[in-house]
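Only the coordinates and a few stated rules stand behind these numbers; no lab work does. As the structure is a computational prediction, the values presented were derived from the model and not from experiment. Here the Cβ positions follow ideal geometry from the backbone for every residue, glycine too, while neighbour counts run over all protein chains shown.
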Amino acid sequence: MERPKGFLGGSVHDAALRTADVLAVLTPWPGNTLAPGTPEERSRLIEVLRDYGESEAACLSPADLTDLRRSAARLRPVFAAADAVAAADQINALLAERAHPPRLTAHGNASGWHLHVDSSDDAPWGEWFLTSSCLALAVLMAERQAPPAAFCASPSCGRPFVNIGRGPYCSPACGTRERVAAHRAAGGAVKG
Ligand SMILES: [Zn+2]
């Protein structure tokens, strides 16, 4: 499905998922097997961006990639926030530093009307990613009244994910693995 660039409205959730998926490629976490700067990492990033409708992602320059990596790193504290107050503080600080006044764009009729807080439709990739991520995470947090994102609580995973209230793990697989491990640990303690 093609999604317009930075589309917000019906797809705040998609935009937040895109943020988590890009961080999963461009930032370190225990289960991340993609080495920074490799062709595999670049291919995966392009694949993720295309999945979210960013068809021009194939043209990413090395400078764009560096810029995106820097923006992804800036978003990590939002995911690491211990509670809603900390998450709001982190998002507000990034918005105060990087966001421009909200403006509606339809990319010259190439998409539906939606909200951007970057400087222009031609803003660099890193600026677009950082500001659209902050906007999506802010809207999601206001909707859910809880931190909008986190790192998976499984020590062997640690993947960045969007918090939709299904617990501290990024996937059912991680939740099951950790419950089995906890059960085994408890059993061992009883026998021990
Ligand atoms: Zn996980």
Per-q log10 I(q)/I(0), the chain, q = 0.15, 0.16, 0.17 Å⁻¹ (Debye; single scatterer per alpha-carbon; no solvent) | -0.90, -1.01, -1.13
Apply the Karplus parameterisation 6.51 cos²θ - 1.76 cosθ + 1.60, with θ equal to phi minus 60°, to every residue of region 154-162 and state each ³J(HN,Hα) to the nearest whole Hz, in sequence, with x for glycine and proline.
-> 6, x, 7, 10, x, 5, x, 8, 8
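Mind checking the full-extension length gain between T66 and H100? Use 0.36 nm per residue of separation minus the Cα-Cα distance, one decimal, nm.
Length gained between T66 and H100: 10.1 nm.
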Based only on the alpha carbon positions, what is the Kirkwood hydrodynamic radius of region 10-96, in angstrom?
-> 13.9 Å
Derived scalar couplings ³J(HN,Hα) [region 12-19; Karplus, 6.51 cos²θ - 1.76 cosθ + 1.60; whole Hz; x for Gly, Pro] = 4, 5, 4, 5, 5, 4, 4, 4
Under the Karplus relation with 6.51, -1.76 and 1.60 and θ = phi - 60°, whole-Hz ³J(HN,Hα) for region 114-120, x at Gly and Pro, equal 7, 9, 10, 10, 8, 6, 6
Amide H to amide H under 5 Å from A149: which residues, 5+ apart in sequence or cross-chain, H placed 1.01 Å off N in plane?
-> N163
Expected sort for S61, S133 with the fewest Cβ neighbours (10 Å cutoff) up front is S61, S133
Work out how much length T38 to E56 would gain on full extension: take 0.36 nm times their residue separation and subtract the Cα-Cα distance, in nm to one decimal.
-> 4.5 nm
